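Q: My structure is below; once you've seen it, I'll send some questions.
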Amino acid sequence: MDLFNNLAIGFGAAFTLQNLLYCFIGCVLGTLIGVLPGIGPVATIAMLLPATYALPPLAALIMLAGIYYGAQYGGSTTAILVNLPGESSSVVTTIDGYQMARQGRAGPALAAAGMGSFFAGCVGTLILASFAAPLTEVAFKFGPAEYFSLMVLGLIGAVVLASGSLIKAIGMIMLGLLMGLIGTDVNSGVARYSFDIPELTDGIGFITIAMGVFGYGEIISNLSKKDEDREVFTAKVHGLFPTLADFKHMLPAVLRGTTIGSCLGILPGGGALLSAFAAYTIEKKIKLKPGEIAFGKGNIRGVAAPESANNAGSQTSFIPLLTLGIPPNAVMALMVGAMTIHNIQPGPQVMTSNPQLFWGLIASMWLGNAMLIILNLPLIGIWIKLLTIPYRWLFPAIVLFCAIGVYSTNNNTFDIWMVAIFGVVGYTFIKLGCEPAPLLLGFILGPMMEENLRRAMLLSRGDWSVFVTRPLSASLLAVAVLLLIIVLLPSMKSKRENVFKEED
Amino acid sequence: MKIKSQKDFFAGLMYLVIGGAFAWGATGYTVGKASRMGPGYFPLLLGSILALIGAFVLFKAMVVDTEDGEKIGSIAWKPLGYIIGSNLAFGILLGGLPSIGVPAMGLIVAIFALVFIASRAGDVYKVKEVFILSIVLAILSYLAFIKLLNLQFQVWPSFIVN
């Protein structure tokens, strides 16, 4: 079996003491930071990315995978304990999870989230491993036109589900794409929008943007709120493990959530949020068994299903990244950044040119998941303690880590000035109700899109119809249009607004 | 005409201005034609689309009614100033700024400056507490970034090292 051979290579590469240690450190750090209110996986990864520079590529990616899962799990922890989703995909978890916590059943809720995620992660890893190779074959059939259309689909997919106002989110994408173009044009060597500043000819570092906009912007907006709104209260957590009845309710929900998540995660831009949302909706449709608590009042299925779905979804969302080199969401965009820093160009060639790294990464995802459950189940009590650190100690530390982080990318103070500018920009975005995540995705895709558009148009001799006459490209664009139409339908519109209201 | 949504009004304006600026800037580079795109083609295209989106958002903000006028609200100058200021101070002290005659003071001094300035952004400011926090963070950063990760930082002020 090829699959097992490949996985064996992967585990062989990943299962060194050193890598396990990095994975562990990543998980710990990710959870530590992810559990802080208001800091999601994107900000966590952005903050910790510089810490991985000095490592060999595989170790760095493994550590990042650990950070990612840690941060994601940390986000769910705050969602359940204090009703603060660390990221958009754990928004649904707050609905039933927080109710459970208020009834003193935070332990079972956290355990359900953890075990559901672990199971979903295992399935997701298997799917990733078995479909990565065939999908890579497809990737080689992709011409520039197809790549361009796929990126359009990815960007559309990201906005339709990831933010409040659709048109403003598309505006943010455009802004991101434009910012991505700053720097030297690869084809002509012309330095664009660099204002004769030598540092700008290399383009803006995406870490500066991520940290400025997500890190500083968030902190400033958090600090402008009154103390009472920010203060988090922790109810007493007693009883760590779910009861037998809980398990009975959980199991089918976890299975359904995993299936939904694995399918939706593959779609570029679909990812974790859509999966979690869909899984919760389906659970709600299924009839309650006698004696079961209603949804919205602390039903364990309402925690297990979306948590498994979002983890399965985030696992399979590595597929478009690894096989096509296209990041399906902001977190993956950061992973692309991390890979390029280590001189790995994500895409179909990674699998053939660097099989150890490719399969090692896949194995490490499973490791990350496993590490997480080993780490978190016994330590739930401690994570909660972390939430009691006063914010006035926390935010200077975050500012400091951001500042050290950006400086260490190039050892150049210019990046520190840039992050200050983007901090102001990020705060402006928050004030104006513009979601920054699409901007980051656009920023990463900007140069890629331009490159592929140019090539496609060069090949077609300036004929724009190439995007709709090539079947693959046409169907990708059709899906993108379909997504837009679905979102603009009135019934969906109100649902979306409801989901995002929970976040405020 | 009355602004119906303040947030959208300014967001639209921002898109319009930035999109316009990028598009205008793009005309300074070779634009080329579709079959042979110059460096100005894609930015011109994107900039124009962004400006159009901005105009649309702006228009909507003037026409479509909202419940509460979607006010932007007061700007938090205090945290904004102190957070960004602490960041700038960190940069200046860490790397030095020869143009105004500030020598490089190194990481430790910069950390203290950052923590002290940033802490002012909060509601509570206790000197003793901030001092302890800076010491803890300085030690942690030194161990994590310098010792463990081996990042190349100047740790102490240059006049002491030399």
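The values are calculated or read from the model by the stated rules, or taken from the named source; none is laboratory data. Just so you know, these numbers come straight off a predicted model, no measurement behind them. Every residue, glycine among them, receives a Cβ derived from its backbone with ideal geometry; neighbour counts consider all protein chains shown.
Q: Sort out which residues of the stretch B:59-74 are free of Cβ contacts under 8 Å to residues at least 60 places away in the same chain and either within 7 Å of chain A (Cβ to nearest Cβ) or among the polar types (S, T, N, Q) (or both), and write them in order of number.
A: The initial filter retains those residues of the stretch B:59-74 that are free of Cβ contacts under 8 Å to residues at least 60 places away in the same chain, namely B:59-61, B:63, B:67-68, B:73-74.
Of everything in the stretch B:59-74, just one residue is free of Cβ contacts under 8 Å to residues at least 60 places away in the same chain and either within 7 Å of chain A (Cβ to nearest Cβ) or among the polar types (S, T, N, Q) (or both), namely B:S74.
Q: Hey, can you tell me all the residues within the stretch B:103-119 that are within 18 Å of the chain's Cα centre (by Cα) and more than 7 Å from chain A (Cβ to nearest Cβ)?
A: B:I117
Q: I would also like to ask the following. Is it true that B:G122 is farther than 30 Å from A:L21 by Cβ, surrounded by 12 or more Cβ atoms within 10 Å (Cβ to Cβ) and more than 8 Å from chain A (Cβ to nearest Cβ)?
A: It is false that B:G122 is farther than 30 Å from A:L21 by Cβ, surrounded by 12 or more Cβ atoms within 10 Å (Cβ to Cβ) and more than 8 Å from chain A (Cβ to nearest Cβ).
Q: Filter the stretch A:171-215 down to the residues that are assigned to a loop (DSSP other than H, G, I, E, B) and touching a Leu at 6+ places or on another chain (Cβ under 6 Å) and list them by number.
A: The answer is A:S194, and nothing else.
Q: Next question, about the same structure. If you take the residues of the stretch A:29-49 that are assigned to a helix (DSSP H, G or I), within 14 Å of another protein chain (Cβ to nearest Cβ) and modelled with pLDDT under 75, which of them is farthest from A:V419 (Cα to Cα)? Give the derivation first.
A: So the first thing to find is which residues in the stretch A:29-49 are assigned to a helix (DSSP H, G or I), and the list is A:29-34, A:41-49.
Filter again for within 14 Å of another protein chain (Cβ to nearest Cβ), leaving A:29, A:32-33, A:47-49.
If we keep only those that are modelled with pLDDT under 75 too, we end up with A:33, A:47.
Details: A:I33: 20, A:M47: 12 Å.
Among those that are assigned to a helix (DSSP H, G or I), within 14 Å of another protein chain (Cβ to nearest Cβ) and modelled with pLDDT under 75, it is A:I33.
Q: Additional query: Taking the criterion of being buried (at least 21 other Cβ atoms within 10 Å of the Cβ) and more than 9 Å from chain A (Cβ to nearest Cβ), would at least one residue in the stretch B:90-102 satisfy it?
A: Within the stretch B:90-102, one or more residues are buried (at least 21 other Cβ atoms within 10 Å of the Cβ) and more than 9 Å from chain A (Cβ to nearest Cβ).
Q: Turning to a different aspect of this structure: May I ask you to list the residues in the stretch B:1-17 that are of a type in the set (D, E, K, R) and modelled with pLDDT under 85?
A: B:K2, B:K4, listed by residue number.
Q: Oh, and also: Which residue pairs have Cβ atoms under 9 Å apart, sit 6 or more places apart or on different chains, and have a first residue in the stretch A:462-489 that is closer than 26 Å to B:Y41 by Cα and a second that is charged (D, E, K, R) and in a loop (DSSP other than H, G, I, E, B)?
A: Cβ pairs passing all conditions: A:T469/A:D463; A:L472/A:K141.
Q: For the stretch B:22-35, which residues satisfy the criterion of being in a helix (DSSP H, G or I) and at the interface with chain A (Cβ under 9 Å from one of its Cβ atoms)?
A: Correct list: B:F22, B:G25, B:A26.
Q: Return the only residue of A:G104, A:G86 being at pLDDT below 75, surrounded by fewer than 23 Cβ atoms within 10 Å (Cβ to Cβ) and not in a helix (DSSP H, G or I).
A: Answer to the selection: A:G104.
Q: Separate question: Got a sec? Which of B:G38, B:G47, B:G69 is modelled with pLDDT of 90 or more and either out of contact with any strand residue (DSSP E or B) (no Cβ under 9 Å at 6 or more places or on another chain) or within 26 Å of A:S460 (Cβ to Cβ) (or both)?
A: B:G47
Q: Take the stretch A:431-448 and flag every residue that is surrounded by fewer than 24 Cβ atoms within 10 Å (Cβ to Cβ) and facing another protein chain (nearest Cβ under 10 Å).
A: Hits for the stretch A:431-448 are A:K431, A:L432, A:G433, A:P447.
Q: Select from the stretch B:36-58 the residues that are touching a helix residue (DSSP H, G or I) at 6+ places or on another chain (Cβ under 6 Å) and within 7 Å of another protein chain (Cβ to nearest Cβ) and list them in ascending order.
A: B:M37, B:F42, B:P43, B:L46, B:G47, B:I49, B:L50, B:I53, B:G54, B:V57
Q: Looking only at the stretch A:396-424, which residues are in a helix (DSSP H, G or I) and more than 7 Å from every other protein chain (Cβ to nearest Cβ)?
A: Listed by number, the residues that qualify are A:I398, A:F401, A:C402, A:G405, A:V406, A:T409, A:N410, A:F414, A:D415, A:M418, A:I421, A:F422.
Q: Here is a further query. State all residues of the stretch A:284-335 that are more than 15 Å from the chain's Cα centre (by Cα), surrounded by 24 or more Cβ atoms within 10 Å (Cβ to Cβ) and modelled with pLDDT under 80; if no residue qualifies, say none.
A: Once the filter is applied, which keeps residues that are more than 15 Å from the chain's Cα centre (by Cα), surrounded by 24 or more Cβ atoms within 10 Å (Cβ to Cβ) and modelled with pLDDT under 80, the stretch A:284-335 yields only A:T323.
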